[in-house]
Every structure is written in structure tokens, then in C-alpha cells.
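Bear in mind these aren't lab numbers, they're just calculated from the coordinates by the rules spelled out. Keep in mind that what you see is a predicted model, and the values were worked out from it rather than measured. Because the Cβ atoms are built from the backbone with ideal geometry, glycine has one as well, and the counts that use them run over all protein chains shown.
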Amino acid sequence: RVVGADADAEKASVERIEAIAKAARKQVDALALTTTDTQNEDDKATVKKTAKKMKHIVDRSHMHPGVNIFRQFRRLLGRAMQETFRGKAAIIIKVVQQVTLGVIYGGIYTLGDNQASIMDRFGLLSLIVIGATNMAMAGTIRSFPKEKAIVSNELASSMYRTGPYFIAKALSEIPLIAVFNGIFGAIIYPLAKLQPGKFKT
């Protein structure tokens with residue numbers, strides 16, 4: 001199968017693969033039938049060895065996709081990026097969420113340069129790290145149940161392997177996560193006075 005191709009091309013590709021596998025299995029059966037009692041031991045061993053080798057090739061072609069793993073990753077990454085940027089409503093909601101959290105945290109914490117603000121600074125930074133990590137993981141984790149049926153069928157059909165899919169899915173979220181965290185940081189930094197005047201000197 002070709003990831004990203006249209007339905008007709010995908011169907012034709014599947015039919016060709018099934019025809020090749022069927023022909024190979026017939027040849028394996030034919031080789032097995034040619035082993036008769038009148039053959040000597042050397043001929044029998046040669047036929048069995050050839051049949052076993054061809055069966056191994058057929059099984060591997062059925063279990064593993066024929067496309068290079070890097071090409072699988074590139075195709076899956078492109079598809080995941082399209083799906084990520086297609087959800088404009090989700091993007092707007094997350095932007096509003098980051099702005100709201102930035103304003104709330106900035107209203108709660110007003111840090112100074114004295115010894116007493118060390119614990120407040122530590123608490124704020126802990127909240128920022130935990131929130132950013134949860135946001136990065138939650139989007140990817142929530143998308144898996146939605147795609148479970150499609151991905152299960154594609155994996156069963158040996159269109160690609162599990163590793164490239166998970167890596168591509170995780171990497172596709174990075175650009176938006178960076179944008180969201182940048183918006184949050186631009187709001188929380190001056191409001192909480194993390195380092196006032198740091199970039200002016």
C-alpha cells in the first residue's frame with residue numbers, strides 16, 4: 001500500500017500484493033507436491049529447503065511493509081501535521097487557555113528580588129513546568145483513541161510500523177506547543193516580574 005494515495009491506487013496496490021503472495025503460495029505448494037517417494041534424499045532436501053525459503057519470503061512480505069521506514073515516517077509526519085493544523089477550533093481554545101492561565105498566574109504571583117520570594121518563585125516555576133508538560137502530553141494522548149480504529153486497520157494491513165507512527169504523531173505537536181508556550185511566557189513573564197528589566201540591560 002501507498003500511504004497518502006487515493007482509493008483507486010491503494011486498491012490496485014493491494015490487489016497486486018495479494019496476487020503476488022497468492023502466486024508465491026501456489027509455487028510453495030507445487031514444490032511440496034513434487035517431493036515423491038521415488039526421489040532420492042538429496043532431491044527431497046533441496047525441494048524442502050527451497051519451499052521453506054519461499055515460505056519465509058512470503059511470510060516476511062505479509063508481516064512487514066515494503067516501504068522504507070524513513071519514508072513511512074515522512075508520510076506519517078506529513079499526515080499528522082495536516083491533522084494537527086486542521087483543528088482550528090482546538091487551536092483557538094488552547095490559545096485562549098494559555099492567555100487565561102498567564103493572566104491568572106500573573107495575578108497570583110508578584111515576585112521580588114528578596115530572600116522571601118524564593119519559595120514563591122519556585123512554586124510558580126513548578127506550576128509552569130507541570131502545566132507545559134501536561135499540555136504537551138494531553139493533546140497527543142487524547143488523539144490516540146480517536147484514531148484507534150483507522151490505525152489498527154492500517155497496522156494490520158502492514159502499511160507502516162508502530163514506531164514511525166508514534167514518533168511522527170509526537171513530533172507533529174511540537175510547533176503548536178512551542179507557540180502556545182511562547183504566548184504563555186510572554187504574558188506571565190512581565191506580570192509575575194520574574195526578572196524585571198533583564199532584557200533591557
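What the table shows:
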{"read-out": "Distance (nanometres) between label positions extended 7 Å along Cα→Cβ at Phe166 and Arg74", "value": "2.4"}
{"read-out": "Within the stretch 134-177: backbone nitrogen closer than 18 Å to the Phe85 label point (7 Å, Cα to C-beta)", "value": "168-177"}
{"read-out": "FRET efficiency, Thr133 to Ile20 (Cβ-Cβ, R0 35 Å, nearest 0.05)", "value": "0.15"}
{"read-out": "Computed lengthening from Lys148 to Ile174, 0.36 nm per intervening residue step minus Cα-Cα distance", "value": "7.2 nm"}
{"read-out": "Ranked by how many other beta carbons lie within 10 Å on average, peptides 13-20, 162-169 from highest", "value": "162-169, 13-20"}
{"read-out": "Relative packing of peptides 143-149, 186-192 - highest average C-beta neighbours within 10 Å first", "value": "186-192, 143-149"}
{"read-out": "Kirkwood-Stokes translational diffusion coefficient of the stretch 85-201, alpha-carbon pairs, 25 °C, 0.890 mPa s, µm²/s", "value": "148"}
{"read-out": "Potential extension, Gln97-Asn181 segment - 0.36 nm per residue separation minus Cα distance", "value": "29.2 nm"}
{"read-out": "Spherically averaged projected area in nm², based on the convex hull that wraps the Cα atoms of the stretch 78-134", "value": "5.0"}
{"read-out": "Net length gained if the chain between Asn114 and Ile141 were fully extended (0.36 nm per residue, minus Cα distance)", "value": "5.6 nm"}
